[in-house]
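*Asks:* One structure follows; several queries about it will come next.
The values are calculated or read from the model by the stated rules, or taken from the named source; none is laboratory data. This is a predicted model, so every value here is computed, not measured. Glycine also receives a Cβ, built like all others from the backbone with ideal geometry; neighbour counts cover every protein chain displayed. These area figures cover heavy atoms from the full protein model, side chains too; ligands, DNA and RNA do not enter into them. Shrake-Rupley method; radii C 1.70, N 1.55, O 1.52, S 1.80 Å.
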Amino acid sequence: MQKTIEKADTTLKEVPVEVEAPKTHSGGQVLLEAFLKEGVTTIFGYPGGAIMPIYDALYDYADKLQHILVRHEQGGIHAAQGFARASGKTGIVFATSGPGATNLVTGLADAMIDSTPLVCITGQVFAHLLGTDAFQETDVINITTPVTKWNYQVTDAEELPAVIAKAFYIAGSGRPGPVLIDITKNAQLQKIAFTEYVKCNFIRSYRPKPVVRPEYIAEAAKLINAAERPFIVFGQGVILGKAEEEFKVFIEKSGIPAAWTIMGMSAIPTDHPLGVGMVGMHGNYGPNKLTNECDVLIAIGMRFDDRVTGRLDMYAKQAKIIHLDIDPSEIDKNVKADVPVWGDCKETLPMLTAAIEERKHAGWHRKFIDCKKQEVEKVIHDEVYPETDTLTMGEVIRILNELTKGEAIIVTDVGQHQMVACRYAEYNKSKSNVTSGGLGTMGFALPAAIGAAYGDPSRTTVAVIGDGGFQMTIQELGTIMQFKPNVKILILNNCFLGMVRQWQQLFHEKRYSFVDIQSPDFVQVAKGYGIPGKSVSERDKLTDALKTMLEHDGSYLLEVMVGKENNVFPMVPQGRSVSDIVLSREEI
């Protein structure tokens, strides 16, 4: 039987090649994809009409990006600041256009002066409506230019990947700071081809770190080696530069007494043998007074704020000044440096340590110890171990130290309680002291503590707040109610705007002009938000009340009623030299 052989079809056929079409994303999706590439986990914000497309995109990213709905945009940016300060990462905040954007301005100014890295995203009206006074349109770029490290308005989504990459690079590099990106609504909605996100690590016109000049290191080492009474003042630059260990090695080899600014606090443990306390208006007696007796002053990562220097024309005039800073604009700005050391202290401190001799300055250090004894006798003992009928802020912080053993993050607001907390709080770890240092923003602490609790959830976060500042952002109790961050709220209530009252008493003949502030029942207010609480005014109940607060599983509010007219001393009276620091009212 003949078999039929089928011939193979050998004609060439055109095989269709499947080419994957570029994936399209909306501008809002591109933004969130960029966030994921930058390692963002937490966003604080408040939605509105002009940022609605971004929030619509966020709905699909709920399993990857945690969004905390605050109760006011100011609360959102302070929370982002607290997150950044406790974690060392960049904080993120969303706000809509118009009032949403302008409500960020206080936080931007605060972050700018305290060098806190933030990326703020604001929605904006459609591009074709810009300049028409459209509903909720404001010129947020011009409004925020003085209080941002960089800002930019995006009107075309094609720009977004590069702009967001640039924003993260600028916010977190060199001297950190806040960046604001304003995105028009059409750019949020616009679909673009998006395949990859490339992080930024170079901008032609931007040099985040100056080149270290070895000759200045050598010159600084020569001065340090020849000094008989050298003194170090260090600021937040040590923490921002992640140079805590390098700094510790430097001071231990040099044997030089070191004092911190309010922002530098916790860079080294507060009980370090060479730590001599805090400088500034309400800092410690010795470091202020002896500033005008040192022969070499080494300023590290600090900016000679007027609260630190007092009268500039009388500040350390006898000393040679060595100034280490990453920001060249800070060199010679307030205090003329004999030796400027530009650079990241992570890089410059090891170079300086290698160039100096190992020294002890026991006699000089003894002068700081003697000053500390005077301060303990005249101020500290009575503040932390009072025998009066009323509780003092100092004894509250002392007991808090005993219970937390220096492990807590303490977030303070602004006023007397802030100065007391910074004077007496004890820390073992870096990034433990979160406060509004440069701008002095009342209302900072409650939302910043919420952010800090997310920034480092492994630690206990205690918000220490006055009765005045608490009422400025009290609505953020709603954020705690809904999202349940573990924040312990410790209100030190003196029924006054205490620091203003102190000044009115000391310098305005006790004319207490509008500082007698009435408060609601804070415990009942907290209960209304589902947060348990207690008020205490008796000394024998204070320790147990603090224990209850710290041991509670979740947020808790403790109000402590303290003396109404207690004052914070020592004090450098305004317009006086730091060496004129006084220990009591009678010395003014």
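*Asks:* Within the set of pairs 6+ apart or on separate chains, which have a first residue in region 122-138 that is without any contact (Cβ under 8 Å) to a residue 40 or more places away in the chain, a second that is open to solvent by less than 20 Å² (accessible area, probe 1.4 Å) and part of a loop (DSSP other than H, G, I, E, B), and C-beta atoms under 6 Å apart?
*Replies:* Ala134/Val125
*Asks:* Here's a follow-up. Can you name the helices (runs of 4 or more DSSP H) wholly within region 297-378 that have at least 1 residues being under 17 Å from Ile581 (Cβ atoms)?
*Replies:* Of the helices (runs of 4 or more DSSP H) lying wholly inside region 297-378, those with at least 1 residues that are under 17 Å from Ile581 (Cβ atoms) span 306-309, 362-375.
*Asks:* Looking at Val249, is it in contact (Cβ under 8 Å) with a residue 40 or more places away in the chain, within 30 Å of Gly283 (Cα to Cα) and more than 20 Å from the chain's Cα centre (by Cα)?
*Replies:* Against the criterion (in contact (Cβ under 8 Å) with a residue 40 or more places away in the chain, within 30 Å of Gly283 (Cα to Cα) and more than 20 Å from the chain's Cα centre (by Cα)), Val249 qualifies.
*Asks:* Here's another thing I want to ask about it. Which of the residues belonging to region 456-474 are farther than 30 Å from Gly575 by Cα and open to solvent by 10 Å² or more (accessible area, probe 1.4 Å)?
*Replies:* Asp456, Pro457, Ser458, Arg459, Thr460, Gln471, Ile474, listed by residue number.
*Asks:* Turning to a different aspect of this structure: Starting from region 280-299, keep only residues that are farther than 25 Å from Leu349 by Cβ and touching a residue at least 40 places away in the same chain (Cβ under 8 Å), then list their pairs with residues that are part of a helix (DSSP H, G or I) and of a type in the set (Gly, Ala, Ser) whose Cβ atoms are within a distance under 6 Å, requiring at least 6 positions of separation or different chains.
*Replies:* Short answer, once both residue conditions are applied: Lys289/Ser579; Asn292/Ser579.
*Asks:* Are there any pairs, at least 6 apart or on different chains, whose C-beta atoms fall under 8 Å, with the first in region 473-494 and farther than 23 Å from Ser537 by Cβ and part of a helix (DSSP H, G or I) and the second at pLDDT 95 or above and among the aromatic types (Phe, Trp, Tyr), and if so, which?
*Replies:* Gly478/Tyr529; Ile480/Tyr529; Met481/Tyr529
*Asks:* Looking only at region 26-52, count every residue that is open to solvent by 30 Å² or more (accessible area, probe 1.4 Å) and either more than 25 Å from the chain's Cα centre (by Cα) or β-branched (Val, Ile, Thr) (or both) and tell me the total.
*Replies:* 5
*Asks:* Go through region 149-199 and give me each residue that's of a type in the set (A, V, I, L, M) and open to solvent by 20 Å² or more (accessible area, probe 1.4 Å).
*Replies:* Across region 149-199, the qualifying residues are Ala162, Leu189, Ala193, Val198.
*Asks:* Hey, does region 426-434 have a residue that's closer than 20 Å to Val308 by Cβ, buried (at least 20 other Cβ atoms within 10 Å of the Cβ) and either in contact with a helix residue (DSSP H, G or I) (Cβ under 6 Å, 6 or more places away or on another chain) or at pLDDT below 95 (or both)?
*Replies:* Scanning region 426-434 turns up at least one residue that is closer than 20 Å to Val308 by Cβ, buried (at least 20 other Cβ atoms within 10 Å of the Cβ) and either in contact with a helix residue (DSSP H, G or I) (Cβ under 6 Å, 6 or more places away or on another chain) or at pLDDT below 95 (or both).
*Asks:* Next up: Which of the residues that make up region 475-491 are closer than 14 Å to Gly533 by Cβ and open to solvent by less than 40 Å² (accessible area, probe 1.4 Å)?
*Replies:* Correct list: Leu477, Ile480, Val487, Lys488, Ile489, Leu490, Ile491.
*Asks:* Still on this model: Which of the residues that make up region 305-326 are closer than 12 Å to Gly280 by Cβ and either in contact (Cβ under 8 Å) with a residue 60 or more places away in the chain or surrounded by 21 or more Cβ atoms within 10 Å (Cβ to Cβ) (or both)?
*Replies:* Asp305, Val308, Thr309, Gly310
*Asks:* Looking at (1) among the charged types (D, E, K, R); (2) open to solvent by 70 Å² or more (accessible area, probe 1.4 Å); (3) more than 18 Å from Pro210 (Cα to Cα), which one does Arg359 not meet, given that it meets all the others?
*Replies:* (2)
*Asks:* Can you confirm whether region 533-545 contains a residue that is on the phi < 0 side of the Ramachandran plot, open to solvent by less than 50 Å² (accessible area, probe 1.4 Å), among the hydrophobic types (A, V, I, L, M, F, W, C) and part of a helix (DSSP H, G or I)?
*Replies:* Looking for residues that are on the phi < 0 side of the Ramachandran plot, open to solvent by less than 50 Å² (accessible area, probe 1.4 Å), among the hydrophobic types (A, V, I, L, M, F, W, C) and part of a helix (DSSP H, G or I), one finds at least one in region 533-545, hence yes.
*Asks:* I'm checking my understanding of the structure. Among residues of region 494-508 that are polar (S, T, N, Q) and open to solvent by 10 Å² or more (accessible area, probe 1.4 Å), which one is farthest from the chain's Cα centre (by Cα)?
*Replies:* It comes out as Gln505.
*Asks:* Could you list, in sequence order, the residues of region 53-80 that are crowded, with 19+ Cβ neighbours inside 10 Å and assigned to a helix (DSSP H, G or I)?
*Replies:* If the condition is that a residue be crowded, with 19+ Cβ neighbours inside 10 Å and assigned to a helix (DSSP H, G or I), then Pro53, Ile54, Ala57, Leu58, Glu73, Gln74, Gly75, Gly76, Ile77, His78, Ala79, Ala80 are the ones that fit.
*Asks:* For region 205-285, which fully contained helices (runs of 4 or more DSSP H) count at least 1 residues that are touching a Phe, Trp or Tyr at 6+ places or on another chain (Cβ under 6 Å), open to solvent by 50 Å² or more (accessible area, probe 1.4 Å) and more than 25 Å from Gly310 (Cα to Cα)?
*Replies:* Fully inside region 205-285 and qualifying: nothing.
*Asks:* Now for a separate question. Run Thr388 past the list (1) assigned to a helix (DSSP H, G or I); (2) in contact (Cβ under 8 Å) with a residue 40 or more places away in the chain; (3) among the polar types (S, T, N, Q) and report the number of the one that doesn't hold.
*Replies:* (1)
*Asks:* Given the criterion at pLDDT 95 or above, touching a strand residue (DSSP E or B) at 6+ places or on another chain (Cβ under 7 Å) and assigned to a helix (DSSP H, G or I), identify the matching residue among Thr122, Thr106, Thr145.
*Replies:* Thr145
*Asks:* Can I ask one more? I need a count of the residues in region 81-103 that are out of contact with any helix residue (DSSP H, G or I) (no Cβ under 6 Å at 6 or more places or on another chain) and either in a helix (DSSP H, G or I) or of a type in the set (Lys, Arg) (or both).
*Replies:* Of the residues in that region, 5 qualify.
*Asks:* Right, something else. Have a look at Ala421, Ala425 and point out the one that is free of Cβ contacts under 8 Å to residues at least 60 places away in the same chain and closer than 30 Å to Ala109 by Cα.
*Replies:* Being free of Cβ contacts under 8 Å to residues at least 60 places away in the same chain and closer than 30 Å to Ala109 by Cα holds for just one of Ala421, Ala425, which is Ala421.
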